[in-house]
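Some notes on the structure that comes next.
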Amino acid sequence: MCHTVSSRPQTTSNPTSSEAAPPVKQDGRKRRWHEHKIARREELVDGTIYAIRTRGHEIGMDEIAAEIGVSKTVLYRYFTDKSDLTTATMLRYVETVLAPRIYAAVAEDLDEYELTREAITAYVETVADDPEVYLYVMSNSASAGRDVVADSERMIAELVATVLGERLRLLEMDSGGAVPWAYGIVGGIQLATHWWISNKSMTTEDLIDYLTMMIWGGMTGIAGVAGSPVRFKSQPHPLLPESSTTP
């Protein structure tokens, strides 16, 4: 018997990846619950911020629930514990209040001095406008959300470093110190503002003036040696210029 051989290529028994793994249908109920949970968490966090502003930064979970108008059981349905709620509150405050004001300030088309003062003003006035929320965030940072606070500090410092580095390079100066300078500036302003909001021993304007004087003094010192540590170390460092000490 004669057998004909087909010229067609033999099909393999291994299907393609798309044939082997058809798309899995997403459970619509799970997706809707997930979306609902995210939206509800945001609502409860916004309610928590309102409660802190109303009752103060030492507020507890019972007071937060009462101010929002829900039971603690509802809070614990969406947050594992107080630490989880506090972390979410910190993140919301940074993302919706603090960061936008800082970004807006450094985006202004200003000269170096005005940009410095504007950025300091934005930070100090943000804290001054929302002291209870700020104190709540900072007082709870050790037990919850320290990473959120650290991330916000890092974000602002890196933003300042970018702006500072660009300005120094534009002036053809050494920008190698932009990052440590930025972290020093942000850390100094934050610590001084935290001290101030806790005791209010001077006006907001006075604090801004003193911080601007300090930061701008450092900036002019950096500019005076074109950002170069070598030049800085090679120069004398009298506390006062000679013209200030002569009668």
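Taking a ≥ b ≥ c as the square roots of the eigenvalues of the Cα gyration tensor of segment 130-247, is the shape rounded (a/c under 1.5), prolate (a/b larger than b/c) or oblate? Oblate shape, in that a/c is at least 1.5 and b/c is the bigger or equal ratio. Residues 237, 57, ordered by accessible area of protein heavy atoms at a 1.4 angstrom probe radius and largest first, appear as 237, 57. Tally Lys and Arg at +1 and Asp and Glu at -1 over the other residues with C-beta under 12 Å from the C-beta of residue 41: what net charge comes out? Neighbour charge sum, excluding residue 41 itself: -1. Placing a label point 7 Å from the Cα of residue 58 along the Cα-to-Cβ direction, the residues of segment 182-203 with a backbone N closer than 16 Å are 198-199. Computed from phi, the 3J(HN,Hα) profile of segment 191-204 under the Karplus parametrisation 6.51, -1.76, 1.60 (θ = phi - 60°) reads 5, 5, 5, 5, 4, 5, 5, 7, 9, 6, 7, 8, 6, 4 Hz, with x in place of Gly and Pro. Here the relative contact order of segment 134-247, from alpha carbon pairs under 8 Å that lie six or more residues apart, stands at 23 percent. For segment 63-73, backbone phi angles converted through the Karplus equation (6.51, -1.76, 1.60; θ = phi - 60°) give residue-by-residue couplings of 5, 4, 4, 5, 5, 6, x, 10, 8, 4, 4 Hz, Gly and Pro being listed as x. Of the solvent-accessible surface of segment 120-221, computed with a 1.4 Å probe over protein heavy atoms with every protein chain present, carbon and sulfur atoms account for 58 percent. Shape of segment 184-243 from the C-alpha gyration tensor: prolate (a/c of 1.5 or more and a/b above b/c, with a ≥ b ≥ c the square roots of its eigenvalues).
Rolling a 1.4 angstrom probe over the protein heavy atoms with all chains in place gives segment 92-247 an accessible area of 56 Å² per residue.
Just to verify a number: FRET efficiency for residue 40 and residue 201, C-beta to C-beta distance, R0 = 41 Å, to 0.05? Once rounded, the FRET efficiency stands at 0.45.
Each residue of segment 148-164 is assigned a 3J(HN,Hα), and the resulting list reads 5, 4, 4, 5, 5, 4, 5, 4, 5, 4, 5, 5, 4, 4, 4, 5, 5 Hz, derived from the Karplus form 6.51 cos²θ - 1.76 cosθ + 1.60 (θ = phi - 60°), x at Gly and Pro. Among rounded, prolate and oblate, which fits segment 97-185 when a ≥ b ≥ c are the square roots of the eigenvalues of its C-alpha gyration tensor, a/c under 1.5 means rounded, and a/b larger than b/c means prolate? Oblate shape, in that a/c is at least 1.5 and b/c is the bigger or equal ratio.
The values are calculated or read from the model by the stated rules, or taken from the named source; none is laboratory data. The structure displayed is predicted, hence computed values, not measured ones. Cβ atoms come from the backbone with ideal geometry, glycine included; neighbour counts cover every protein chain shown. Ligands, DNA and RNA are excluded from the accessible area calculation, which covers all protein heavy atoms including side chains. Shrake-Rupley method; radii C 1.70, N 1.55, O 1.52, S 1.80 Å.
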